[in-house]
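Have a look at the structure below before the remarks.
A short reminder: the numbers here are calculations on the coordinates, not readings from a lab. Bear in mind the structure is a predicted one, so any value in this text is a computation, not a measurement. Here the Cβ is made from the backbone with ideal geometry for all residues, glycine too, and neighbour counts use every protein chain on show.
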Amino acid sequence: MNSFPLYLLKLGDDWKVVFPEDRADIPHPDFWEQTVSHIVARHYRIPQKRLANLPYCQRRARVVGNKVYMGARCPDPKLVTLVRESLGNEGLTFAFDEHERRLREDVRQFKRLVRRHRPA
């Protein structure tokens, strides 16, 4: 069964769904370091190397077949619609998975970096 990582990024007022173009089954940390951290770094003007080891600071999920395992117990209906549209699959169902939750310390470090690199 096909499985791949997915990140749900809140960039300003907009949400962005990021997943491997080829829907490759790669670990979240690898996908974060190779792709997603660069998107987040550009948006927040944070050096990417500062974000490279924070793969749990953003909302994430894993798609397995037609099921999306998320770190939220009750995903926002707007996000559900956005994920379905982004993946081109209206039949996706959503389930909670403890493993996909953000880590409090990663979120704290990320917020510190955002404050530190905020334009004056």
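General remarks:
- Restricting the stretch 52-95 to trypsin sites (Lys or Arg not before Pro) in coil, as DSSP defines it, with at most 11 other Cβ within 10 Å: ARG73
- Entry for the stretch 3-117 at q = 0.11, 0.16, 0.19 Å⁻¹: log10 I(q)/I(0) = -0.33, -0.71, -1.00, Debye formula applied to identical alpha-carbon scatterers, no solvent contribution.
- Under 19 Å from LYS10, Cα to Cα: lysines that are on another chain or at least 8 residues apart: LYS78, LYS111
- Dipole in debye (nearest 20) - the stretch 81-120, about Cα centre, beta carbon charges: Lys, Arg +1; Asp, Glu -1: 620
- In percent, rounded to a whole number, the relative contact order of the stretch 3-117 is 27, using alpha-carbon pairs under 8 Å and six or more apart.
- Helix-only mean residue ellipticity at 222 nm for the chain, each DSSP H run of n ≥ 4 adding -39500 (n - 2.57), per residue, nearest 500: -9500 deg cm²/dmol
- Each part reduced to its alpha carbon centroid, the stretch 1-27 and the stretch 60-120 end up 9 Å apart.
- Computed from backbone phi, the HN-Hα couplings of the stretch 66-78 come to 9, 10, 10, 8, 10, x, 10, 5, 10, x, 4, x, 5 Hz, rounded to whole numbers (Karplus: 6.51 cos²θ - 1.76 cosθ + 1.60, θ = phi - 60°; Gly and Pro given as x).
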